[in-house]
Amino acid sequence: MSNDNYTTADLFATASVDPGKWVELYADYLYTYAYTRINDEELAKDLVQETFLAALEKVHLFKGNSSERTWLTAILKNKVIDIYRKKSSAFAKKTEVAEAEQQQDDFFDHEDGHWNVAHRPKEFGVEQEDLITSKEFNNILQKCMKKLPTLWLSVFTMKHMDDEATDVICKELKVTSANFWVIIHRAKLNLRECLQKNWI
Amino acid sequence: MDEITKIAYNCRKATLLIERKQILGLSAREKLELKIHLAGCNVCKIFERQSILINRMVHGLFHSSQANELKLDEKYKKQLQERIEKELNKH
């Protein structure tokens, strides 16, 4: 950092923000946050930059009620949700959902709702204590997640990674509460089937 | 078939209840329905265990990757830094 910036940074010292140090302190953290949620390096990089720039615009609003990192993460999180929203509302994605629904069409008997024999859950036999096994299992899990339709993955990720409130997810992604449960259920059915196919 | 009997034999419904149970919780009646179903359905018992496992793994996926943080390349960081300093100097 050049000396010139210390004077500028001093302006923010009272609110305990120091934009001059953001890159050094938070860039990797924010990049990891974005990447794990959207699985796209370039997009994740862009979002980190956008987050810093948006934060600079709003720096006077920072009250110091949360830590700088928490505040920046909140800004980034909204940008990630924007991405989810854009991706899942795209017109072309309708076929993606139709295909995924098709895939589970014969999971259950249409008449009585029983599991059809070919799709019945079988034990994974995953030992939680075994780190290597769970690492391999994780890899498959990530690949299976990528196969979910974008809308399903968005809902699923917001719920399970971030433990977001259901009504927030419904509002942000414009799904009804009834549809939310359908999506959570369907996403899990496909994810589980994919794990069973690729693991056992 | 009365309602309870229907539920007791419907795996599609039972798996939905299993998902709801983990996020929202179930009403007393739904709890009873699921309990009756699971008492007689080993396959859905496996489903429930796997569903819980998957949720835990997904959660862990995020936390463990956060623990071994990814790194942005230095060149990009330098550009970011310059960009921020440029913005700061405008003020």
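Details
- Filter result (without any contact (Cβ under 8 Å) to a residue 40 or more places away in the chain, among the aliphatic types (A, V, I, L, M) and part of a helix (DSSP H, G or I)) within the range A:156-198: A:Val168, A:Ile169, A:Ala178, A:Val182, A:Ile183, A:Ile184, A:Ala187
- Scanning the range B:39-54 for residues that are under 16 Å from A:Glu123 (Cα atoms), of a type outside the set (Phe, Trp, Tyr), out of contact with any Asp or Glu (no Cβ under 7 Å at 6 or more places or on another chain) and in a helix (DSSP H, G or I) gives B:Asn42, B:Val43, B:Cys44, B:Lys45, B:Glu48, B:Arg49, B:Gln50, B:Ile52, B:Leu53, B:Ile54.
- Within the range A:131-150, the set of residues being of a type outside the set (A, V, I, L, M, F, W, C) and open to solvent by 10 Å² or more (accessible area, probe 1.4 Å) comprises A:Thr133, A:Ser134, A:Lys135, A:Glu136, A:Asn138, A:Asn139, A:Gln142, A:Lys143, A:Lys146, A:Lys147, A:Thr150.
- Residues in the range A:104-120 that are within 22 Å of A:Lys147 (Cα to Cα) and in a loop (DSSP other than H, G, I, E, B): 5 in all.
- Top-ranked residue in the range B:54-82 [being more than 7 Å from every other protein chain (Cβ to nearest Cβ) and modelled with pLDDT of 85 or more; ranked as most open to solvent (accessible area, probe 1.4 Å)]: B:Lys75
- A:Leu153 passes every criterion in (1) within 30 Å of B:Gly40 (Cβ to Cβ); (2) open to solvent by 20 Å² or more (accessible area, probe 1.4 Å) apart from (1).
- Residue count for the range A:31-58, restricted to those that are more than 9 Å from every other protein chain (Cβ to nearest Cβ) and open to solvent by less than 10 Å² (accessible area, probe 1.4 Å): 4.
- Residue, modelled with the highest pLDDT, within the range B:1-16, restricted to residues that are over 19 Å from the mean Cα position of the chain (by Cα) and within 7 Å of another protein chain (Cβ to nearest Cβ): B:Cys11
- Residues that are on the phi > 0 side of the Ramachandran plot, more than 8 Å from chain A (Cβ to nearest Cβ) and either surrounded by fewer than 17 Cβ atoms within 10 Å (Cβ to Cβ) or β-branched (Val, Ile, Thr) (or both) occur in the range B:17-40; there is at least one.
The values are calculated or read from the model by the stated rules, or taken from the named source; none is laboratory data. Everything numeric here is computed off the predicted structure, so don't read it as measured data. Note: ideal-geometry Cβ built from the backbone for every residue, glycine included; neighbour counts use all protein chains shown. Note: accessible area is taken over every heavy atom of the protein model, side chains too, but ligands, DNA and RNA are not part of it. Shrake-Rupley method; radii C 1.70, N 1.55, O 1.52, S 1.80 Å.
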